[in-house]
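Notes for the one structure printed next.
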Amino acid sequence: MAWEFKDGIPMYRQIIRIFERRIASGEYKLEEKIPSVRDLALEAGVNPNTMQRALSELEAEGLVHTERTNGRFVTGERERLEALRKRLSEECIRRFFRELTEIGMSRLEIIEAVRSWNESEEE
C-alpha cells in the first residue's frame, strides 16, 4: 500500500492512521513483526524521528509492542483489533451521515438509500 500524505495534518498522525488501517484490514497480521523504523521511514519518505513518534503512539495505544531485541510487533490481542475496527467503522459511518445530511438528506432517507443500494448489489 502506498504512503499518501495530505497537507495540513501532522505527518505522524497520518502515519498512525495508515498503520491503524493496515492493522484493521489484516495487511499487518496479529503478532506480525513490522519493519524497522529506518526501513519504514525510507519507504514512506519521512524522517525516522517522525516514524518513531508515530510508532510510539501506536505502542501507547497498545496496537504494537516492542520486544527488546527482536523489534516491534502488531498486538496479539484480538480484543484490541476488534475495538480498532469498531472505532474506525464508527468514524466512517459518522462521516458518511454528516456528508449526506449536508446535502439535505434525512437519516431515514440515508438508511433507505443504503438499504436500496445493498439490495441492488445483491442482485
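The values are calculated or read from the model by the stated rules, or taken from the named source; none is laboratory data. If you're wondering where the values come from, they're calculated on a predicted model, not measured in any experiment. No Cβ is skipped: glycine too gets one built from the backbone with ideal geometry, and neighbour counts run over all protein chains shown. For accessibility, only protein heavy atoms count, side chains too; no ligands or nucleic acids. Shrake-Rupley method; radii C 1.70, N 1.55, O 1.52, S 1.80 Å.
A few remarks follow.
- S36 meets each of the listed conditions (1) open to solvent by less than 50 Å² (accessible area, probe 1.4 Å); (2) more than 16 Å from the chain's Cα centre (by Cα) apart from (1).
So that you can scan it fast, the table gives a plain yes or no per residue for (1) in a helix (DSSP H, G or I); (2) within 13 Å of L81 (Cα to Cα); (3) at pLDDT 95 or above:
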{"residue": "K6", "(1), (2), (3)": "no, no, no"}
{"residue": "I23", "(1), (2), (3)": "yes, yes, yes"}
{"residue": "R38", "(1), (2), (3)": "yes, no, yes"}
{"residue": "A60", "(1), (2), (3)": "yes, no, yes"}
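- Members of the range 8-21 found to be assigned to a loop (DSSP other than H, G, I, E, B) and either modelled with pLDDT of 95 or more or under 17 Å from the mean Cα position of the chain (by Cα) (or both), listed by number: I9, P10
- Only listed residue being at pLDDT below 95, under 23 Å from the mean Cα position of the chain (by Cα) and either within 30 Å of F19 (Cα to Cα) or not acidic (D, E) (or both), chosen from E67, E82: E67
- Taking (1) crowded, with 17+ Cβ neighbours inside 10 Å; (2) under 16 Å from the mean Cα position of the chain (by Cα); (3) free of Cβ contacts under 8 Å to residues at least 40 places away in the same chain in turn, A41 satisfies each apart from (2).
- Taking the range 62-78 as the range and being of a type in the set (G, A, S) and either in contact with a Pro (Cβ under 7 Å, 6 or more places away or on another chain) or assigned to a loop (DSSP other than H, G, I, E, B) (or both) as the test, the residues that pass are G62, G76.
- Test: residue in the range 72-84 that is open to solvent by 60 Å² or more (accessible area, probe 1.4 Å) and in contact with a Ser or Thr (Cβ under 9 Å, 6 or more places away or on another chain): no
- Filter pass, G71 being at positive phi and touching a Lys or Arg at 6+ places or on another chain (Cβ under 7 Å): yes
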